[in-house]
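S.K.: Handing you this structure, nothing more for now.
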Amino acid sequence: MISYKDLGLVNTREMFKKAVAGGYAIPAFNFNNMEQLQAIIMAAAETKSPVILQVSKGARQYANQTLLRYMAEGAVEYAKELGWENPQIVLHLDHGDSFETCKSCIDMGFSSVMIDGSHLPYEENVALTKKVVEYAHQFDVTVEGELGVLAGVEDEVSAAESHYTKPEEVVDFVTKTGCDSLAISIGTSHGAFKFTPEQCTLDPQTGRLVPPPLAFDVLAAIEEQLPGFPIVLHGSSSVPQDEVDTINKFGGALKAAVGIPEEQLRKASKSAVCKINIDSDSRLAMTAAVREVFANKPGEFDPRKYLGPARDNMKKLYIHKIKEVLGSDNKA
Ligand SMILES: [Zn+2]
């Protein structure tokens, strides 16, 4: 049993309380490799933003859970080296699929876990989430539950269509399970292709697809039921068109990629939404930078010469999200 406290990590409790009260949201960035982690920590340290490092099931398979855990431990020390005296860094399991997965992460130093029982019948979701909460709270590890189903594909999590969270269920769910935060479905979606062109309208000025707005009425109804309770949005990448354009310009084929407009996330950040998950945008930033290097310098074969620019581009993206979208800068 390794306690996250010995690794210099923190859980989400205080962080979320301050974010809800302060009208901002904490960035939850997924990471799979060193360059991504470096970019996240550099961005968080430079802006003094609390940050949640997320590990998905796919990341655990790709990079190994043990290695990722030591990388997170190293990240705390790296943050201090960058001059961030008291780094507020959470190591969080994204989309935990079973009690065993959550337990194994808690036992090896994660400070927060998500148990995703959203695909289960309601009572089974309650029972599973409660079991994880009872285990996690013994070690002061915080737990995120989920009600409602997001559309889209994220690693192995996928659903054809979304089902909004039912506001009439949230009080019962939170009370019975004791979870510390709740992921809800109000129209965000996993992946870089969040909406079909048919679901969007066309902006005649830019020729871009404009996705349907988030269901802020559902969010307001949930907030009314659970005043001040920390709410989480998954699938909240914006799919920056300049990155998509760069990818397509240099040989890529991402034709109808559409994300959540940043002004909608800015609005959500000011509500009880206190954690916003961003994964696809960082993938796009990385891919755009690598493609550009390969297109302009076909003779390049030193990984540092293309992963370095990828890291720079991701860092720029993370800083933009922190300062211009979530408002979490200078909060840690
Ligand atoms: Zn998710």
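The values are calculated or read from the model by the stated rules, or taken from the named source; none is laboratory data. In this text, all values refer to a predicted model and were calculated from it rather than measured experimentally. Heads up, the Cβs are rebuilt from the backbone with ideal geometry, glycines too, and the neighbour counts pull from every protein chain shown.
S.K.: Could you tell me which numbered condition residue 59 fails, if it satisfies all but one of (1) within 15 Å of the ligand (Cβ to nearest atom); (2) assigned to a loop (DSSP other than H, G, I, E, B); (3) buried (at least 20 other Cβ atoms within 10 Å of the Cβ)?
M.R.: The number of the failed condition is (2).
S.K.: Can you find, within the range 100-120, the residue that is farthest from the ligand (Cβ to nearest atom) among those that are out of contact with any Gly (no Cβ under 7 Å at 6 or more places or on another chain) and among the aliphatic types (A, V, I, L, M)?
M.R.: Among those that are out of contact with any Gly (no Cβ under 7 Å at 6 or more places or on another chain) and among the aliphatic types (A, V, I, L, M), it is 108.
S.K.: Okay, moving on. Within the set of pairs 6+ apart or on separate chains, which have a first residue in the range 248-266 that is in contact (Cβ under 8 Å) with a residue 40 or more places away in the chain and under 16 Å from residue 200 (Cβ atoms), a second that is among the polar types (S, T, N, Q) and surrounded by fewer than 18 Cβ atoms within 10 Å (Cβ to Cβ), and C-beta atoms under 7 Å apart?
M.R.: 254/248
S.K.: Can you pull out every residue in the range 306-332 that is among the charged types (D, E, K, R) and in a helix (DSSP H, G or I)?
M.R.: Result: 311, 312, 315, 316, 321, 323, 324.
S.K.: To continue, here is another question. Within the set of pairs 6+ apart or on separate chains, which have a first residue in the range 112-141 that is in contact (Cβ under 8 Å) with a residue 40 or more places away in the chain and within 15 Å of residue 96 (Cα to Cα), a second that is more than 16 Å from the ligand (Cβ to nearest atom) and small (Gly, Ala, Ser), and C-beta atoms under 7 Å apart?
M.R.: That search, which allows pairs on different chains as well, returns 130/178; 133/178; 141/111.
S.K.: Could you please let me know if residue 321 is of a type in the set (Lys, Arg) and under 25 Å from residue 152 (Cα atoms)?
M.R.: Yes; evaluated as a whole, the condition is true for this residue.
S.K.: Can I ask one more? Under 8 Å between Cβ atoms, at least 6 apart or on separate chains: pull out the pairs that start in the range 279-293 with a residue that is farther than 8 Å from residue 243 by Cα and assigned to a helix (DSSP H, G or I) and end on any residue that is within 16 Å of the ligand (Cβ to nearest atom) and small (Gly, Ala, Ser).
M.R.: 280/191; 280/192; 280/237; 280/259; 281/237; 281/238; 281/259; 283/192
S.K.: Of all residues in the range 22-47, which are aromatic (Phe, Trp, Tyr) and either under 19 Å from residue 230 (Cβ atoms) or part of a helix (DSSP H, G or I) (or both)?
M.R.: 24, 29
S.K.: Could you identify the single residue in 263, 223 that is of a type outside the set (S, T, N, Q) and surrounded by 15 or more Cβ atoms within 10 Å (Cβ to Cβ)?
M.R.: After applying the criteria, what remains is 223.
S.K.: Going by the structure shown, is residue 76 of a type in the set (Val, Ile, Thr) and either in contact with a helix residue (DSSP H, G or I) (Cβ under 7 Å, 6 or more places away or on another chain) or not in a loop (DSSP other than H, G, I, E, B) (or both)?
M.R.: In short, yes.
S.K.: For the range 200-230, enumerate the residues that are at positive phi and modelled with pLDDT of 90 or more.
M.R.: Listed by number, the list holds a single entry, 228.
S.K.: Identify, by number, the condition in (1) among the hydrophobic types (A, V, I, L, M, F, W, C); (2) buried (at least 24 other Cβ atoms within 10 Å of the Cβ); (3) closer than 24 Å to residue 257 by Cβ that residue 293 doesn't meet.
M.R.: (2) is the only condition that residue 293 fails.
S.K.: Let me ask something else about it. Among the numbered conditions (1) part of a helix (DSSP H, G or I); (2) touching a residue at least 40 places away in the same chain (Cβ under 8 Å); (3) under 24 Å from residue 135 (Cβ atoms); (4) not hydrophobic (A, V, I, L, M, F, W, C), tell me where residue 92 comes up short.
M.R.: Failing condition for residue 92: (1).
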